[in-house]
Every structure is written in C-alpha cells, then in structure tokens.
Amino acid sequence: MSASAAKSTLYDMPVSNNGARCRLILYKKQIPQEEVTVASPMDLGGLKSPEYRALNPQGKMPLLSIDGGVSIPESDTICRYLLHTYADSGPDFLPNDPKSNLIARLHDMYITTIQGALYKPAPPFGIYGTRSDALNEMQKQLKIIDDLIDDDVDGNYLCGSEVSLADASLFPTMVFIDDMFPKFGIEDGIPSKLAKWFNGVREKDADFAKVYDEITGGLNSWQKRGRWDTIWMAGLRDEEPPTLFDKLIAGEIPANVVFEDDKVFAFTDINPAAPAHILVIPKDRMGLSGLRKSSPEHIEILGRLLVTAGDLAKNGELGFGDGARIVINDGPDAGQEISHLHVHVLGGRSLSWPPG
C-alpha cells in the first residue's frame, strides 16, 4: 500500500532501533496498513531533503505523518500516540507496574543518548568525549536496568506476562548491543537477567523475532560495507608496543608525579632542558604514538593535555615564572624519543626562539 493511501505513515528504516519500538507496537496490536503504513524516508528524498524536513525540521527518524494532521517525531511520542489511538486493539503496553515506564525512561535518557559510540565514526557521544567512557557508561546503565528486573519474573517480558513499553523500548537497542559489544572487545557485557529476557523474548514472541531480523539485516549490511573498519576500538586499535611511559603510569618505575587524574599523568623530566621541565601524557595512549596519529577520536584527550599543561605552567612551586614553552615533538625529525604522545612544559628561565 502506498503511503498516501493510509491514514498515517511511519517513516523509518529497518535498522533503526528507535523506530523499531514503534514497529513493535504496530505488529503486536496488528494495526493494518490501511491505518499505518511504514515507508522509507528515501521516499521523500532522504532525511535531509526539503520534503522530509518540512515534516520534521530535525531531519531525523522515526516520524509519524498523520493524514490531514500534524507530523509526530520522536519514537516515544509516536508510541504513546499509537497506544492512545489504537487502545482497543491488542495489548495496551501499560501493565500496572511502574518499572515499565522507569525502564523505558532510563533507556531513553542514558542509553540511546550515547548509543552512537557503538557505530558512529567519532565522538562526542552524548556528554562523553571518548568512546571508552561512553561504552563504560552504557554497561553501567544496563546493570542499573538489570537490577530492576525481578529475579523470579513470571512471564516472557520485563514486567512479567504482559508486554510493556519497557520491552518495546529496550529490545531493539539490545539487538544493537548484542551485535556490537563484541566488536569492541566487550564480552559478557549484557547482565544475566537482561540476557535471559532478550534471548527468551526473541525466541518465544514472533513479533520480537521479526524486529530482531529487521534490525540484524540492516546491521549485516553495515558490516559488509566495512562500517567498523575505521572505528576506534573496533576496526582500529593501538597495536604498537608498550613504552617506558606505560611502566611509569603503572608504578613499575618510580616517577616524580606532579599531577594525576583518570586521564592524564604528569611528571618531571629526568633529563630537564630547563629549570622547570614537566612531561604531560595521556594514561591511555589510544593509538597516539605521535601527534600525527591524532583524529577526531582524540579531541577530548588533546584538550585535557593542553589544559593540564597550562595549569602546571602557572605553578610557581614547580619552578615556573612568567610563562612557559609548551611543546609536542612529533617524529624523529622533531626529536621525539618515546612513541607515546607527550607534552613538554618548560620554564623557569628565559627561552630563546627559534629553538635548536
């Protein structure tokens, strides 16, 4: 059926996990195509086309276009519209259990906002500037949701025998996570109760199995096109050998540490070229054996290195006076000796220019 012949059109793609929650409601409620048909945004020229943006200025999917009415973006809003409009058809997705809305909300606020870490080429991912931080947070949020599931839940769904918004919201994203976590070396990253629910519902509920097949079909196409070949921590990893700096960070070799946090390690140079000479390095090299290896993946750590260098250069107790020279030597011609990006902070005397 054409989109124009139906009362409403859901613009979506099979690989869309957020759109898939809407499709799950359509399938479970058996809403006919005469009521709601599913179409690709490409039918309007794509997400960025003027025709599509006239319906959704955000240029995102899913989008429900109601014949003769408003267009509704955002998957949760679409779902609630469908549940109200077709309240007399199929399950209501609203069991008498507050955990249903809570799990859906936790998913929308703390998982979908950072899910780009699983497949986008570069940060930011929500509030996180590194892929590793976003992936760690995703695992933390899965554990929080897992703790909400009853140990003896009676039924196929998260809240028992009734399907809920929690199931519709979380299941499609779990298809992503189940497929993509291993690409980043995350094994057993799905907590036990969530894993049991995820595997069980796709085996016992044909509509969930249908959505699983839709999404995995799209993900398989991404894989064939090499989507993860150039993504850090998946296709790209730090394969250069460890250096002296790794031993310093691990405490295997003593160092005069002047600053340390979860990302940055700073210590005095054992062969100082000035009265004050500090080296500032990333704790996780992230492939940064030199500055020329940097990419958008490294924007946050490069910024933190320079901010730390600037803070240290203001510290008179370290021997700095009115200013400092902040240098990154990159490669043999520049005199780089250790293949782990490091920032030199030199001061305590007047420095000439140009350097030697």
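Listed values, structure above:
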| item | result |
| --- | --- |
| Test set (1) more than 25 Å from residue 240 (Cβ to Cβ); (2) in contact with a strand residue (DSSP E or B) (Cβ under 8 Å, 6 or more places away or on another chain); (3) among the β-branched types (Val, Ile, Thr) - residue 307 fails condition number | (2) |
| Selected residue [closer than 20 Å to residue 256 by Cα, open to solvent by less than 40 Å² (accessible area, probe 1.4 Å) and either assigned to a loop (DSSP other than H, G, I, E, B) or of a type in the set (A, V, I, L, M, F, W, C) (or both)] from 346, 288, 306 | 346 |
| When residues of the range 157-210 are limited to those that are under 24 Å from the mean Cα position of the chain (by Cα) and on the phi > 0 side of the Ramachandran plot, the one most open to solvent (accessible area, probe 1.4 Å) | 188 |
| Any pair with Cβ under 7 angstrom, 6 or more apart, that starts in the range 192-216 at a residue that is outside any helix (DSSP H, G or I) and ends at one that is among the hydroxyl-bearing types (Ser, Thr, Tyr) | none |
| Qualifying positions in the range 74-111 - open to solvent by less than 40 Å² (accessible area, probe 1.4 Å), of a type outside the set (Asp, Glu) and under 30 Å from residue 128 (Cβ atoms) | 75, 78, 79, 100, 103, 104, 106, 107, 111 |
| The range 262-279 - residue that is within 28 Å of residue 235 (Cα to Cα) and either in a strand (DSSP E or B) or in contact (Cβ under 8 Å) with a residue 24 or more places away in the chain (or both) and, of those, most open to solvent (accessible area, probe 1.4 Å) | 263 |
| Number of the exception - residue 249 against (1) open to solvent by 30 Å² or more (accessible area, probe 1.4 Å); (2) among the aliphatic types (A, V, I, L, M); (3) not in a helix (DSSP H, G or I) | (3) |
| Qualifying residues in the range 127-156 (those that are of a type in the set (Lys, Arg) and open to solvent by 10 Å² or more (accessible area, probe 1.4 Å)) - the one nearest to residue 114 (Cα to Cα) | 140 |
| Of the criteria (1) modelled with pLDDT of 95 or more; (2) in contact with a Lys or Arg (Cβ under 7 Å, 6 or more places away or on another chain), which one residue 102 fails | (2) |
| Subset of the range 319-356 [of a type in the set (Lys, Arg) and closer than 23 Å to residue 304 by Cβ] | 325 |
| Complete set of residues in the range 217-240 that are within 19 Å of residue 133 (Cβ to Cβ) and open to solvent by 60 Å² or more (accessible area, probe 1.4 Å) | 236, 237 |
| Near pairs, Cβ below 8 angstrom, 6+ apart or cross-chain, from the range 22-47 (under 16 Å from residue 76 (Cβ atoms)) to any residue that is open to solvent by 30 Å² or more (accessible area, probe 1.4 Å) and modelled with pLDDT of 95 or more | 23/38; 23/214; 24/207; 26/38 |
| Filter result for residue 311 (open to solvent by less than 40 Å² (accessible area, probe 1.4 Å) and either closer than 30 Å to residue 125 by Cα or not in a strand (DSSP E or B) (or both)) | no |
| Failed item, numbered, when residue 39 is tested on (1) touching a Phe, Trp or Tyr at 6+ places or on another chain (Cβ under 7 Å); (2) at pLDDT below 95 | (2) |
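Every residue, every condition in (1) in contact with a strand residue (DSSP E or B) (Cβ under 8 Å, 6 or more places away or on another chain); (2) acidic (Asp, Glu); (3) modelled with pLDDT of 95 or more, yes or no:
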{"site": "313", "(1), (2), (3)": "yes, no, yes"}
{"site": "318", "(1), (2), (3)": "yes, no, yes"}
{"site": "328", "(1), (2), (3)": "yes, no, yes"}
{"site": "338", "(1), (2), (3)": "no, no, yes"}
{"site": "345", "(1), (2), (3)": "yes, no, yes"}
{"site": "350", "(1), (2), (3)": "no, no, no"}
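The values are calculated or read from the model by the stated rules, or taken from the named source; none is laboratory data. Since the model is a prediction, treat every value here as computed from it, not as a measurement. Counting neighbours? That spans all protein chains shown, and the Cβs are built from the backbone with ideal geometry, glycine included. The protein model used for the area step is the full one, side chains on, heavy atoms only, and it has no ligands, DNA or RNA in it. Shrake-Rupley method; radii C 1.70, N 1.55, O 1.52, S 1.80 Å.
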